[in-house]
Amino acid sequence: MRRHWKRLAKRASNAACDDQERTEALADALQRDWNLEVPAGLPRRLRDVLDDRQGDLLGDSAPERLEVLRGETANGPLASILLDCAVQALHEGYRGDDALAKATADTFRERACSSRRQVEEHWLRESSVRSAMLMRNRIGAAIVAADVNAIARDCLGFGNGKSSQAPLRKTGIDDGVPLS
């Protein structure tokens, strides 16, 4: 398990951490996975394929052109999921930047759910069943609360950059559990 997912697990296991802290840690983990597993030029090439309407007129379908990009995703499982989600977005009628943003958000939802299962399995080996269920529920609540559309737009360079901050660590004497 990568360090950023361990950070989320640590926050999810700590009852003193609130939902916002867990959501921030989830957003950070998703963005770090994006940076590690998605080649830098892939979103631009995906955007070109998803935005090109003339290819359909010439008989060159977008899903076939997306499959050509599959070779670039061999080392990144997240990039492979992104391609699958892009094909699905095309089938649902999305085009251009909207299709790319939807595909990226769906990719993040998929990664968040699979990583939650991984964290739960790891926690189950290290702790009790009850503790693992609490972990699963807290990470699940963070997934529901997270604005994956905003995270996706930030990763693609469409957003305002607000969700791209790493979660702050509380080290001061006044930092701690909110009393209200």
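Since every read-out is calculated from the coordinates, none of them should be taken as a lab result. These numbers were taken from a predicted model, which means no experiment stands behind them. Cβ sites come from the backbone with ideal geometry, for glycine too, and all protein chains shown count toward neighbours.
Note on Leu83, Leu36, Leu42: ascending count of other Cβ atoms within 10 Å places them as Leu36, Leu42, Leu83, the fewest first.
Take each peptide in 109-117, 127-135, count the other Cβ atoms within 10 Å of every residue, and average; sorted highest first, the result is 109-117, 127-135. If you sort the three axes of the alpha carbon gyration tensor as a ≥ b ≥ c, you get a/c of 1.5 or more for the range 3-161 and a/b above b/c, which makes it prolate.
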